[in-house]
Amino acid sequence: MQIFHTIQGIRASLAEARLQGKRIGFVPTMGNLHQAHIELVKLAQQTSDIVVCSIFVNGLQFGLNEDWDKYPRTLDADCSKLREAGCDMLFHPEDNEMYPNGLDSQTRVICSSMTDLLCGASRPGHFEGVTTVVTKLFNIVQPDEAVFGVKDYQQLAVIRRMVEDLCMPVDIIEAAIHRELDGLAMSSRNGYLTADERPKANQLHVSLNWIAEQIRSGKRDFMALEEEASRQIEAAGFKPDYITVCNSKTLEMAAVDDERITVLGAMYTSSARLIDNVTLE
């Protein structure tokens, strides 16, 4: 696996690959990789000749009181996992390579819809940071396709909208949620869970599935279902951020006759904020 720290370096290598007619797949990450990240790489390998992974802990998408400085940097372990998976290239830039003029003066990419609700309501400015860094990474790597996990459902929806609105020539591929044996969605932030919290941390998944089962059985009082699921999470010792039944495409509150519904949720543990979702077809 080739490792690049500069924009110029990875661009030069990928330009040569394009001249050879290679299809380029891209998996952007913040590192601290686990099996779900590796599955993204494997999915990209199915349809690409060259797979590029990036590791960059993007300060622009973290709020003032969030965990940017504490976010685990595990580059050596990440490189070992990527090599074992057969990843071709890793782009691992420093902050000043990505933001040479500083964060405060960085030109921003703003998606005006779907970013001020759900996770966006709890994390102001987060999705502006995501869309900005993803745009920069797309411009650097210029992939034919990019793979994102559906666990971050709102992020996936926002990126798809950005790509559509800005006519970016990138196919966005979604990857299924990868879970632990008890249903907990794999996440880098699961490492923040305490020994007491971990056995109960699948409660978000359990409660979202409970809502989905109720809807499948004909229940349509979405607000009542959301409130009961929140009570379930509180009873398990966690703090709900939001539990919302949404239209899968717009992320607006679902209507009773919507054909495709997604139940999204987030909850706080003592040191982490976990997210999950379930889609009803």
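Before moving on, here are some points about what is shown:
- Among the residues making up region 116-144, those that are over 25 Å from R23 (Cβ atoms), in a loop (DSSP other than H, G, I, E, B) and of a type outside the set (K, R) are D116, L117, L118, P124, G125.
- When each of L208, L193 is tested for being closer than 22 Å to M30 by Cβ and touching a residue at least 40 places away in the same chain (Cβ under 8 Å), the lone residue that passes is L193.
- Among residues of region 6-31, those that are surrounded by 13 or more Cβ atoms within 10 Å (Cβ to Cβ), outside any strand (DSSP E or B) and of a type outside the set (S, T, N, Q), counted: 11
- Comparison of Q106, Q155, Q142 shows that the only residue that is touching a residue at least 24 places away in the same chain (Cβ under 8 Å) and at positive phi is Q142.
- Among the residues listed as I55, I38, the single one being buried (at least 22 other Cβ atoms within 10 Å of the Cβ) and within 30 Å of E180 (Cα to Cα): I55
- Among (1) surrounded by fewer than 13 Cβ atoms within 10 Å (Cβ to Cβ); (2) under 20 Å from Y153 (Cβ atoms); (3) in contact with a Lys or Arg (Cβ under 7 Å, 6 or more places away or on another chain); (4) not acidic (D, E), the one test that A176 misses: (3)
- Extreme residue, farthest from G218 (Cα to Cα), among residues of region 229-281 that are more than 20 Å from the chain's Cα centre (by Cα), of a type outside the set (A, V, I, L, M, F, W, C) and outside any loop (DSSP other than H, G, I, E, B): K239
- Count - residues of region 32-54 that are outside any helix (DSSP H, G or I) and more than 28 Å from P72 (Cβ to Cβ): 1
- C79 meets the stated requirement of being in the same structural domain as V134 (by TED's automatic domain parsing) and either touching a Leu at 6+ places or on another chain (Cβ under 6 Å) or more than 19 Å from R123 (Cβ to Cβ) (or both).
- Residue count, region 58-84 (criterion: among the aliphatic types (A, V, I, L, M) and crowded, with 20+ Cβ neighbours inside 10 Å): 2
- Residue in region 180-190 that is under 30 Å from S48 (Cβ atoms), in contact with a Phe, Trp or Tyr (Cβ under 6 Å, 6 or more places away or on another chain) and not in a loop (DSSP other than H, G, I, E, B) present: no
- Any chance S48 is outside the structural domain of S270 (by TED's automatic domain parsing) and farther than 26 Å from H126 by Cα: yes
- Any hit, region 214-224, residues being more than 19 Å from E174 (Cβ to Cβ), among the polar types (S, T, N, Q), out of contact with any helix residue (DSSP H, G or I) (no Cβ under 9 Å at 6 or more places or on another chain) and not in a helix (DSSP H, G or I): yes
- Residue within region 150-162 that is outside any loop (DSSP other than H, G, I, E, B), touching a strand residue (DSSP E or B) at 6+ places or on another chain (Cβ under 8 Å) and surrounded by fewer than 19 Cβ atoms within 10 Å (Cβ to Cβ) present: yes
- Whichever residue in region 211-243 is within 17 Å of G183 (Cβ to Cβ) and touching a residue at least 60 places away in the same chain (Cβ under 8 Å) and, among such residues, is surrounded by the most Cβ atoms within 10 Å (Cβ to Cβ): I211
- Check on V150, of a type outside the set (K, R) and either touching a His at 6+ places or on another chain (Cβ under 9 Å) or closer than 25 Å to T74 by Cβ (or both): yes
The values are calculated or read from the model by the stated rules, or taken from the named source; none is laboratory data. Remember, it's a predicted structure, so these values are computed and weren't measured experimentally. Ideal geometry is used to build each Cβ from the backbone, glycine not excepted, and the neighbour counts take in all protein chains shown.
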